[in-house]
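> The following block contains the structure, expressed as structure tokens.
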Amino acid sequence: MFEQQHVKYADIFNLRGKQYHEAMKLLPNARKKELTTILDQIKLQGGMVLVDIPSGGNYLKQYLPDNIKILPLETSEIFAKLGNSPLCDWSKLPLEDQSVDAILCCAAIHHVADEDRKKFRQEAVRVLKKGGKLVIADVEQGTPMDPFLNEFVHNNNSLGHVGMFIDTNFAQDFAQGTLNIVKNQYQNFTWEFSSNLEESMVYMKLLFGIDKASIKEVAKYMAAHLNLTKNNSGNYTMDWGLRYVTFEK
């Protein structure tokens, strides 16, 4: 298990990126609302150039029209290979100055240390066009996803899980006067799995590297704390939510 407080995103997913990708292939639309919500934060127009970092297996692409160009970037070698994406570092994006319309970062910043967040902000300012947007979405401290990840997953994943989730000061702290905060809102939504409980829980175990808890134990926790239930279509769903912060250059 990782013992250090701030484990790098790349270190984590170089070890379990393949499992995560297997989950996303198993139920590719389970997180649809989470991913489409980050796209909803910007006004999409034909010809726009978007950056998705870290892009994992390039999961955002399926929700974009063909007239939008998406540039997937990864800091994990495993994900870079799985998603056929350029490998980079938070401190050096392989992009020209003022070359992109928007940068999207979904559910990853909690694995990025403060110093790398600062470097990422500097790079975002460099590569965004004037008026370009940076959207960061992540788990908020004190919400039900916090103990699920930093307690249940941490205790039932051999690598552990220590996430630095965003708080009410995140937007101001991140902007540091170099970016304007144009939107800062919490969004509730659901993840939708399949009609098969075992398959749905296998997805969760793969996605979060839960190798020390059974399918029954995962389902029990989710039912008690994340409202695991069936919808009118007969598919299992659970409650989820992220804070979406939109910055403008």
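> Hey, among S76, S85, which residue is more than 17 Å from D173 (Cβ to Cβ), touching a residue at least 60 places away in the same chain (Cβ under 8 Å) and not acidic (D, E)?
S76
> Right, next: State all residues of segment 76-91 that are out of contact with any His (no Cβ under 9 Å at 6 or more places or on another chain) and closer than 12 Å to I53 by Cα; if no residue qualifies, say none.
As a first pass, look at segment 76-91 and keep what is out of contact with any His (no Cβ under 9 Å at 6 or more places or on another chain): 76-77, 80-81, 84-91.
Those that are out of contact with any His (no Cβ under 9 Å at 6 or more places or on another chain) and closer than 12 Å to I53 by Cα: S76, A80, S85, P86, L87, C88, D89, W90.
Yes/no per residue for (1) modelled with pLDDT of 95 or more; (2) buried (at least 18 other Cβ atoms within 10 Å of the Cβ); (3) over 30 Å from I215 (Cβ atoms):
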position	(1), (2), (3)
A107	yes, yes, no
G132	yes, yes, yes
M145	yes, yes, no
L197	yes, no, no
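> Here is a further query. Say we look at segment 223-249 and pick out the residues that are in a helix (DSSP H, G or I) and without any contact (Cβ under 8 Å) to a residue 60 or more places away in the chain; which of these is surrounded by the fewest Cβ atoms within 10 Å (Cβ to Cβ)? Give the steps one after another, and end with the answer.
Kept after step one, since they are in a helix (DSSP H, G or I), are these residues of segment 223-249: 223-225.
If we keep only those that are without any contact (Cβ under 8 Å) to a residue 60 or more places away in the chain too, we end up with 223-224.
Working: A223: 13, A224: 9.
Within segment 223-249, the match that is surrounded by the fewest Cβ atoms within 10 Å (Cβ to Cβ) is A224.
> A further question on this structure: Can you find a residue that is charged (D, E, K, R), under 14 Å from the mean Cα position of the chain (by Cα), surrounded by fewer than 19 Cβ atoms within 10 Å (Cβ to Cβ) and within 20 Å of K205 (Cα to Cα) anywhere in segment 19-32?
Scanning segment 19-32 turns up at least one residue that is charged (D, E, K, R), under 14 Å from the mean Cα position of the chain (by Cα), surrounded by fewer than 19 Cβ atoms within 10 Å (Cβ to Cβ) and within 20 Å of K205 (Cα to Cα).
> From (1) closer than 17 Å to V135 by Cβ; (2) in contact with a Pro (Cβ under 6 Å, 6 or more places away or on another chain), pick out the condition that doesn't hold for L104.
Every condition holds for L104 apart from (2).
> Count, please, the residues in segment 58-104 that happen to be part of a strand (DSSP E or B), under 24 Å from K18 (Cβ atoms) and touching a helix residue (DSSP H, G or I) at 6+ places or on another chain (Cβ under 6 Å).
4
> If you don't mind, there's one more thing I want to ask. Could you say which residue among K183, K212, K205, K220 is surrounded by fewer than 18 Cβ atoms within 10 Å (Cβ to Cβ) and assigned to a helix (DSSP H, G or I)?
Of the residues listed, the single one that is surrounded by fewer than 18 Cβ atoms within 10 Å (Cβ to Cβ) and assigned to a helix (DSSP H, G or I) is K220.
> Return the pair list, or none, for Cβ contacts closer than 9 Å from residues in segment 146-167 that are among the hydroxyl-bearing types (S, T, Y) to residues that are at pLDDT 95 or above and surrounded by fewer than 20 Cβ atoms within 10 Å (Cβ to Cβ), at least 6 apart or on different chains.
Pairs found: S158/D211; S158/K212.
> Does any residue of segment 168-177 turn out to be more than 15 Å from the chain's Cα centre (by Cα) and within 23 Å of E22 (Cα to Cα)? Walk me through it before giving the result.
To start, the set of residues in segment 168-177 that are more than 15 Å from the chain's Cα centre (by Cα) comprises 168-177.
Add one more test, that the residue is within 23 Å of E22 (Cα to Cα), and what stays is none.
No, every residue in segment 168-177 fails to be more than 15 Å from the chain's Cα centre (by Cα) and within 23 Å of E22 (Cα to Cα).
The values are calculated or read from the model by the stated rules, or taken from the named source; none is laboratory data. Quantities reported herein were computed from a predicted structural model and do not represent experimental measurements. Note: ideal-geometry Cβ built from the backbone for every residue, glycine included; neighbour counts use all protein chains shown.
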